[in-house]
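All remarks here apply to the structure that follows.
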Amino acid sequence: MALEERVRFPPAALKLKKKMATMAKQTQFGVLVEVFSKLEATTKRLEMFEILSEFFKKISKEEIDKVVYFCQEQLLPSFKGIEIGMAEKMVEKAIAKASGKKQEEIEKLYKKLGDLGLVAEEVLKSKKISTLLVKQEGLSINEVYDALLKIANISGEGSVDKKINELSSLLVKVNATEAKYVVRFVLGRLRLGIGDPTIMDSLSKAISGDRMKLRPKIERAYNLCSDLGLVAKVLFEKGEKGLDAFKVQVGSPIRMALAERLPSAEDIIKKIGKCGVETKYDGMRLQLHKQGNKVEIFSRNQERVTHMFPDIVEAVLKQIKAREAIIEGEAVAFNEETGEYFPFQVTMTRKRKYEIEKRAEEAPLVLFAFDLLYADGKDYTKAAYIERRKALEKLIKKDGRIRPAEMIITDKPQELERFFEMNVEKGTEGIVAKRLDAEYQAGARNFNWIKLKRSYRGELQDTIDVVIVGYFKGRGARAKFGIGALLAAVYDEKSDTFKTICKIGSGLSEEKWIEARKLLDKIKVSKRPARVDSLIEPDVWVEPKYVFTVMADEITLSPLHTAGKTAEKPGFALRFPRIQGWIRDKKPEDATTVKEIESLFKMQKRVEEKEA
């Protein structure tokens, strides 16, 4: 600081000046709401990208992380476990209190408009608010974010009333249009249609002027920490060097590596040569983080699920020799007496808030560990698979609930095939072959890992994970359920969109159809979601959220579906699809991809030609 500035301004005045300068940098929440309105008005990903990248250029380093979280429709990354925790009735009470209306009036208007955000906008338009309660220039993005975070952190006795009061206070301080988006955000119904790839592209262009220049480094940092807000903040504060400095850290889940698929043992050996071949268990993929006596467990969606697995936590403390470690594995309900693996749905009974200990007794789990990512200061993601595997085996004490996944090393197709058949007989999904010299590539899907789930016999005998994007109202016997079929899609990585591939009308019991409609009605929307590409118009559109596993007889070509469709060729469709697995523990982006469907179609045709 220059001497003349120190003389001119006493310490207290300098502090005030600094505070005023910081406040001047803050962007009004209303500006972000304008961006939300523009995003809501378009279904074109490129247009969304341009809107976002231009907006990011105007945002300060003090705000960028909050803006990214708002765009992701969350307050913090899912692994932080922060939820606002307000149901519709609570929000209705907050709107009523802020507007001076009776709750019955709010409920009546909600039935008419079908969107509590629109209700808030409508009733707050005419509400005269004391200027003592509202800043003339409006609330900043940071102020709205902090108010919402405060609501999320309220817990304990009287928390319901406190949350209602805090939300009501916030609604009073924002204008009617802003209130619409605040309410939608609180209820998890912002539905901007922005995926992480669009946000990453926009960040790259905002900083470098090119959407792809910094994208690989942004994605690498995100894959290592699972916190895109943090990545954005570091990028804005420290630039490219800041991205390069990201490292594996215990307590921050690493985005999980994914496998490609091939149709036969011969194809696998031809592709990667001598490889490690592991059993592919049909359970819940988990990432274990141990730091001294503290253990955290994360799902494949990077959600903190520690409370669901007290038996696994106990086993980590007893069996893992390292003081600090990050280990990946598959938790499977397992019958020790018979050696039988229970179906995925039995394992999934752990995914609940209550009766965890009872479920642990009824369906004890075994964690089959298959990868070591970090241990006592060493980042194993950069090590070859075979080195990681050997270190993992040394790290696990024997005779416990945590065991290394079954594995052989071979370069012989016949031996790989025998191991595969043996696993299928035991009730597993099949095998995963892993390139011996490959690093662990967080968040990537490539041929370092190759899954073989079933042999192909000219028809589709593998399962497909699809995202539900809409449903059709029931006819005939299903008319009473109000749902008769689902419109399903797969994920297109190139466009960050969901492309339709089939209508599903079988595979669920009457009870499950009723449950499916209740779940889908909570996420229904009035128009086609921005990230959904469909030529078919269902009776009800829903946000792409839930992933189901389906079986089908084969993949066919269809002009009705958009998966793989181009100007020159029709799309792909599933013939006679039926639901095999209820909601999977996967993000929509982790569903089967268009690229995989195209690959499966080619495999299928190749086998048909061989048998002809």
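The values are calculated or read from the model by the stated rules, or taken from the named source; none is laboratory data. Please read these numbers as outputs of a predicted model, since none were measured by experiment. Positions of Cβ are generated from backbone atoms using ideal geometry, with glycine treated the same way; all protein chains shown enter the neighbour counts.
Considered as a group, the residues in the stretch 388-406 that are buried (at least 18 other Cβ atoms within 10 Å of the Cβ) and among the aliphatic types (A, V, I, L, M) include one that is nearest to ILE269 (Cα to Cα), and that residue is ALA405. Here PHE79 qualifies as part of a helix (DSSP H, G or I) and under 21 Å from the mean Cα position of the chain (by Cα). Quick check on this structure: which one of GLU105, GLU157, GLU63, GLU122 is acidic (Asp, Glu), touching a residue at least 60 places away in the same chain (Cβ under 8 Å) and either in the same structural domain as CYS225 (by TED's automatic domain parsing) or more than 23 Å from GLY195 (Cβ to Cβ) (or both)? None of the other options fit; the residue is GLU63.
The number of residues in the stretch 197-224 being among the acidic types (Asp, Glu) and without any contact (Cβ under 8 Å) to a residue 40 or more places away in the chain comes to 1. Taking the numbered list (1) among the charged types (D, E, K, R); (2) modelled with pLDDT under 95; (3) outside any helix (DSSP H, G or I) in turn, ARG403 passes all entries but (2). When we screen ILE82, ILE95 for residues that are at pLDDT below 95 and in contact with a Leu (Cβ under 8 Å, 6 or more places away or on another chain), the only hit is ILE82. Scan the stretch 235-243 and tell me whether some residue there is farther than 23 Å from VAL424 by Cα, surrounded by 22 or more Cβ atoms within 10 Å (Cβ to Cβ) and in the same structural domain as LYS57 (by TED's automatic domain parsing). Yes, because at least one residue in the stretch 235-243 is farther than 23 Å from VAL424 by Cα, surrounded by 22 or more Cβ atoms within 10 Å (Cβ to Cβ) and in the same structural domain as LYS57 (by TED's automatic domain parsing).
The residues listed here are LEU118, LEU52, LEU124, LEU109; of these, the one that is aliphatic (A, V, I, L, M), surrounded by 15 or more Cβ atoms within 10 Å (Cβ to Cβ) and under 30 Å from GLY251 (Cβ atoms) is LEU52. Considering every residue within the stretch 583-602, establish whether at least one is farther than 16 Å from VAL490 by Cβ, surrounded by fewer than 16 Cβ atoms within 10 Å (Cβ to Cβ) and in contact (Cβ under 8 Å) with a residue 24 or more places away in the chain. No - not one qualifying residue is present in the stretch 583-602. Only one of the listed residues (ALA489, ALA433) is in contact with a strand residue (DSSP E or B) (Cβ under 6 Å, 6 or more places away or on another chain), buried (at least 21 other Cβ atoms within 10 Å of the Cβ) and under 26 Å from LEU365 (Cβ atoms). That residue is ALA433. Looking at ASN175, is it farther than 25 Å from LYS595 by Cα and of a type in the set (S, T, N, Q)? Answer is yes for this residue.
Of the residues making up the stretch 198-240, those that are in a helix (DSSP H, G or I) and either touching a His at 6+ places or on another chain (Cβ under 8 Å) or among the hydrophobic types (A, V, I, L, M, F, W, C) (or both) number 16. Comparison of ASP196, ASP161 shows that the only residue that is under 19 Å from the mean Cα position of the chain (by Cα), among the acidic types (Asp, Glu) and closer than 29 Å to LEU520 by Cα is ASP196. Does PHE498 fit the bill of being under 20 Å from ARG578 (Cα atoms), at pLDDT 95 or above and surrounded by 15 or more Cβ atoms within 10 Å (Cβ to Cβ)? Yes; evaluated as a whole, the condition is true for this residue. Just a yes or no: is a residue in the stretch 241-252 under 21 Å from GLU63 (Cβ atoms) and either in contact with a Pro (Cβ under 7 Å, 6 or more places away or on another chain) or not in a loop (DSSP other than H, G, I, E, B) (or both)? Yes, some residue in the stretch 241-252 is under 21 Å from GLU63 (Cβ atoms) and either in contact with a Pro (Cβ under 7 Å, 6 or more places away or on another chain) or not in a loop (DSSP other than H, G, I, E, B) (or both).
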